[in-house]
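Report on the following structure.
The values are calculated or read from the model by the stated rules, or taken from the named source; none is laboratory data. All values reported here derive from a predicted model rather than from experimental measurement. Cβ placement follows ideal geometry from the backbone for every residue including glycine, while neighbour counts extend to all protein chains displayed.
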Amino acid sequence: MSDVRVIIQRDSEREERVVTTGTTAAELFAGERSVIAARVAGELKDLSYQVQDGETVEGVEISSEDGLNILRHSTAHVMAQAVQELFPEAKLGIGPPVRDGFYYDFDVEKPFTPEDLKAIEKKMQEIQKRGQRFARRVVTDEAAREELADEPYKLELIGLKGSASHDDGADVEVGAGELTIYDNIDAKTGELCWKDLCRGPHLPTTRNIPAFKLMRNAAAYWRGSEKNPMLQRIYGTAWPSKEELKAHLEFLAEAEKRDHRKLGSELDLFSIPEQIGSGLAVFHPKGGVIRRVMEDYSRRRHEEEGYEFVYTPHATKGKLFETSGHLDWYADGMYPPMQLDEGVDYYLKPMNCPMHNLIFDARGRSYRELPLRLFEFGTVYRYEKSGVVHGLTRARGFTQDDAHIYCTREQMSEELDKTLTFVLNLLRDYGLTDFYLELSTKDPEKFVGSDEAWEEATETLRQVAEKQGLPLVPDPGGAAFYGPKISVQTKDAIGRTWQMSTIQLDFNLPERFDLEYTAADGTKTRPVMIHRALFGSIERFFAVLLEHYAGAFPAWLAPVQAIGIPIGDAHVDHLEKFADAARKQGLRVEVDSSSDRMQKKIRNAQKQKVPFMVIAGDEDMANGAVSFRYRDGSQENGIPVDEAIAKIAKVVEERAQV
């Protein structure tokens, strides 16, 4: 046997090794139990891959991002095998890894029940213990069609070879190169147990799956299109250890408690009535208070920063969106047109920027007016597919805190710096503190404007971002076609990442709208345009804060800042006078004068997550005082009324949490 030379890459270390022809990646990493696949020339391979002369081979650990995807994809195969063993009539769809887990779609006569999921999970455990080997096999298109003749969805995927989409998960099944089938081989007999069309790679055996759990099932359209058949999707999760699975399930339980849809109902904040439609929320009085306070504070801070408020209508002639390019680039996300005024098409607006451009262009502009900062709480409407609509975080009608800044090229750097600083400080005021920044740069295949303009703008954004001293993550090719952007990402109280604000340069719209200002030398000059959505949308930010605080808002945002709880009926008047005095100080105070016993009133206030429970009995009334009970159950007794009101007011003014 001849020898081959390979380089084993471990982080920054490179080890050259001479091995015999036919040596597998598994043999290179023998003894390294955490390595479950290999990376060769940037391509992921099974450990059964035979290394070639001159190749650089890197071990893929199960806890890495690629390793987790391989683990979860292999677990999806085990689940699909279990389903077909229990439900032989089930036809296979697609089964990709997704964030924190995996899913597989099945065509079955009846939806899966909770009992079905338990049976499937038990069958998966049996398959896992059998230690079946994942074996890759290259096949021709014709052979694949013959082998999978009873799997209509797989036949469709074979036809997608070379054009499969990542968005619907089809690219885990077929790519642009070889067509492959993965066989599950019995460890003892070598017999074929199951097979699936798949690109791989996979774990060496099913025994390499340490911990998994099936989570839920749901209906899903084949490949995400409402024109296609409805399939049944089973979601699961898989982790490198039982401890990590347990921690993840605990995290999910906490996230479920914080679900803004659940809290919105429990705290009587908002609802999404079926009679109005999916993705269209109404805010109840208490939710309306929170939203108004959020907007009022934002409005005041914008005024302090030199923004000017504008208002635009909810609908416009289609011609405006032809000018802006939205009908070319964004038509699928817009509601269908309404024909008015003798056949003229009107659209609900999906964005505010075209109308703000018309405000800029309503009269001649001078360099002396720049930077011009236009700001609006503008309601927009976007047609989201029903499968992706999710409470307030993915809605069809929502209000953006939308700003568009017009400035000179010389002002661009300072304006971007000011804008990013303002954005971060305002988010901190609402209680978010853990940030990183993402810089999205040009897609070489899709952009407008010159390379020089992009390079200047990107470098300016990079410098502005680096000044903040926050982690900066590159997003190569992630920018929209009209300019680079900075995204502000934040982590909430339980460590989830949310994209918040975006600051986007735009080389496209000033050209399309022929925007100009008169420069100091009298020439007509294009302004630089900056898009900036700070919250993203009021509704989405409301949901993020609701989940971040688990409904226990700081007092300044709480719909009811204090509630009076009398020990007996004789103490109601004392608390009503306290509430009247507090309201005159601008505080939101109620008194529970119901016939409920005091302990039930306290439980009700705790359920409503009121920051201050103000309790009064005989001694308090005699001394002109009240007692505080806090959310955590601690208490402070005998506080003089004026002092108690001042204390609540101070907590509100300082935007503190209690």
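Note on the stretch 305-328: among residues that are free of Cβ contacts under 8 Å to residues at least 40 places away in the same chain and part of a strand (DSSP E or B), the one that is nearest to the chain's Cα centre (by Cα) is Ala315.
Within the bounds of the stretch 491-500, is there any residue that is in the same structural domain as Leu416 (by TED's automatic domain parsing), among the polar types (S, T, N, Q) and surrounded by 14 or more Cβ atoms within 10 Å (Cβ to Cβ)? Checked the stretch 491-500: no residue is in the same structural domain as Leu416 (by TED's automatic domain parsing), among the polar types (S, T, N, Q) and surrounded by 14 or more Cβ atoms within 10 Å (Cβ to Cβ). Checking each residue in the stretch 91-117 for being free of Cβ contacts under 8 Å to residues at least 24 places away in the same chain and either of a type outside the set (Val, Ile, Thr) or buried (at least 17 other Cβ atoms within 10 Å of the Cβ) (or both) picks out Arg99, Glu109, Lys110, Pro114, Glu115.
For Phe553, the conditions (1) over 17 Å from Phe628 (Cβ atoms); (2) in a helix (DSSP H, G or I); (3) in contact with a Leu (Cβ under 9 Å, 6 or more places away or on another chain) are fulfilled apart from (2). Taken over the stretch 410-434, residues that are closer than 11 Å to Thr490 by Cβ, out of contact with any Pro (no Cβ under 8 Å at 6 or more places or on another chain) and surrounded by fewer than 19 Cβ atoms within 10 Å (Cβ to Cβ) amount to 3. Just one of the listed residues (Glu85, Glu156, Glu142) is among the charged types (D, E, K, R), surrounded by fewer than 22 Cβ atoms within 10 Å (Cβ to Cβ) and at pLDDT 95 or above, namely Glu85. State the number of residues belonging to the stretch 578-604 that are surrounded by 14 or more Cβ atoms within 10 Å (Cβ to Cβ) and part of a helix (DSSP H, G or I). Within the stretch 578-604, residues that are surrounded by 14 or more Cβ atoms within 10 Å (Cβ to Cβ) and part of a helix (DSSP H, G or I) number 8. On inspection, Gly287 does not qualify as modelled with pLDDT under 95 and either in contact with a Leu (Cβ under 8 Å, 6 or more places away or on another chain) or not hydroxyl-bearing (Ser, Thr, Tyr) (or both).
Scanning the stretch 504-539 for residues that are in contact with a strand residue (DSSP E or B) (Cβ under 7 Å, 6 or more places away or on another chain), part of a helix (DSSP H, G or I) and of a type in the set (D, E, K, R) returns a single hit, Glu539. Among residues of the stretch 384-406 being in contact with a helix residue (DSSP H, G or I) (Cβ under 6 Å, 6 or more places away or on another chain) and over 24 Å from Leu420 (Cα atoms), the one that is surrounded by the most Cβ atoms within 10 Å (Cβ to Cβ) is Leu392.
Pairs linking a residue in the stretch 441-459 that is over 19 Å from Val473 (Cα atoms) to a residue that is polar (S, T, N, Q) and part of a loop (DSSP other than H, G, I, E, B), with Cβ atoms under 8 Å and 6 or more positions apart or on different chains, are Val448/Asn508; Gly449/Asn508.
Identify, please: which residue in the stretch 85-114 is of a type in the set (A, V, I, L, M) and part of a strand (DSSP E or B) and is, among those, farthest from Arg496 (Cα to Cα)?
Leu92
Looking at Leu269, Leu320, Leu372, which is the one that is crowded, with 18+ Cβ neighbours inside 10 Å, closer than 29 Å to Arg409 by Cα and not assigned by TED's automatic domain parsing to the domain that holds Phe398?
Leu320
You will find that of Tyr406, Tyr383, the residue that is modelled with pLDDT of 95 or more and not in a helix (DSSP H, G or I) is Tyr406 and no other.
Looking at Glu619, is it surrounded by fewer than 14 Cβ atoms within 10 Å (Cβ to Cβ), acidic (Asp, Glu), more than 41 Å from the chain's Cα centre (by Cα) and part of a helix (DSSP H, G or I)?
Yes: the conditions hold for Glu619.
Screening the stretch 1-49 for strands (runs of 3 or more DSSP E) wholly inside it with 1 or more residues that are touching a residue at least 40 places away in the same chain (Cβ under 8 Å) and under 37 Å from the mean Cα position of the chain (by Cα) returns the ranges 3-10, 35-40, 43-45.
One residue is enough: does the stretch 530-550 have a residue meeting the conditions of a type in the set (A, V, I, L, M) and more than 30 Å from Arg428 (Cα to Cα)? Within the stretch 530-550 (the criterion being of a type in the set (A, V, I, L, M) and more than 30 Å from Arg428 (Cα to Cα)), the answer is no, since none of the residues qualifies. All of Val473, Val448, Val423, Val464 fail the test of being more than 24 Å from Ser298 (Cβ to Cβ) and outside any strand (DSSP E or B), apart from Val448. What pairs can you find where one residue is in the stretch 403-426 and touching a residue at least 24 places away in the same chain (Cβ under 8 Å), the other is charged (D, E, K, R) and not in a helix (DSSP H, G or I), and their Cβ atoms are less than 6 Å apart, with a gap of 6+ or different chains? From residues that are touching a residue at least 24 places away in the same chain (Cβ under 8 Å), the pairs are Ala403/Arg532; Ile405/Arg373; Thr419/Arg532; Phe422/Glu305.
For (1) without any contact (Cβ under 8 Å) to a residue 12 or more places away in the chain; (2) of a type in the set (A, V, I, L, M), each residue gets a yes or a no:
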site	(1), (2)
Glu539	no, no
Ala558	no, yes
Ile567	no, yes
Ala570	no, yes
Asp618	no, no
Ala622	yes, yes
Val626	no, yes
Gly633	yes, no
Glu636	yes, no
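Restricting the stretch 223-243 to residues that are touching a residue at least 60 places away in the same chain (Cβ under 8 Å) and of a type in the set (Lys, Arg) leaves a set whose member that is surrounded by the most Cβ atoms within 10 Å (Cβ to Cβ) is Arg223.
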